[in-house]
Amino acid sequence: MDAREYMAQKLKNKDLISALYKVDRRDFLPDKLKDYAYKLEFVDSPLKVTDSGITTTALSLGLTMLDLLELKRGDKVLEIGTGTGYYTALIAEIVGDSNVVSIEIDDEIFEFAKNRLLNRYKNMKLIKGDGSIGYKPEQPYDKAIAWAAFPTIPCMVYDQLKEGGILVVPIEDHRGKQGLYKIVKTSQGASITRLFEVIFMRARGLCGFLDQDSRPQSFIL
């Protein structure tokens, strides 16, 4: 049994299972890591994809997060942190590439993902920028997902959701512990569920951890 077969048994969303077999994770990894893409012993392990230390989310956790989004065809999705583009591709297979808006703040990994995504999914919107503030020009969104931990609920992202929209996001508390949260936007306010502990890189940008990036930045809202 490889990692795909293992995870297919655990996922609820049949469209996600179908996408899992359609998109080859090896196409979104550096050559030195391709052999690890579906090894079962690495299903729970993040893989370091750049010399600067950027990792791709462990397959088990990444797929679980996408499962929690309850993705379906036609959903408009905001992704904060394109990463290598693998999870972006899975989202596009389910909802349609014209419904995907993905933002990446890191120059190196943005180019890596862009070179692998845009020749397959010509209608998705890839943006080099600060995903912590969302992306207002394409709002509202049905679903949003973040691949980095925030210091609190990313309210600008939450505000860009439709009523009934779902946000899946890691949040770090005052003790430095990170939890994975599923937040549903309702007519009565936010329904917030903490699911389990996780470990993610801290989000950069205006609504992230500003100390994660010492380079001068200016923000126009």
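Its Cα gyration tensor gives the chain an equivalent ellipsoid; the semi-axes, largest first and in whole Å, are 24, 20, 18. Amide H contacts for Tyr141 (H built 1.01 Å from N in the peptide plane; partners 5 or more residues away or on another chain; cut-off under 5 Å): Leu161, Lys162. Counting only DSSP H runs of at least 4 residues, each contributing -39500 (n - 2.57), and dividing by the residue count of the chain, the helix-based mean residue ellipticity at 222 nm comes to -6500 deg cm²/dmol. Per-residue Cβ neighbour counts within 10 Å put Glu79, Glu70, Glu111 in the sequence Glu111, Glu70, Glu79, beginning with the fewest.
Straight-line reach only, C-alpha to C-alpha below 21 angstrom: list the lysines that Lys162 could link to, leaving out same-chain residues fewer than 8 apart. Result set, ordered by chain and number: Lys72, Lys76, Lys125, Lys136, Lys143, Lys182, Lys185.
Taking 7 Å steps out from each Cα toward its Cβ at Lys162 and Arg26 produces label points 3.8 nm apart. Normalised by the number of residues in the chain, the mean separation of alpha-carbon contacts (under 8 Å, six or more apart) gives a relative contact order of 14 percent.
Here, each number is a calculation from the coordinates, and none is a lab measurement. These figures come from a predicted structure and were not determined experimentally. In this analysis, Cβ positions are derived from the backbone assuming ideal geometry, glycine residues included, and neighbour counts consider all displayed protein chains.
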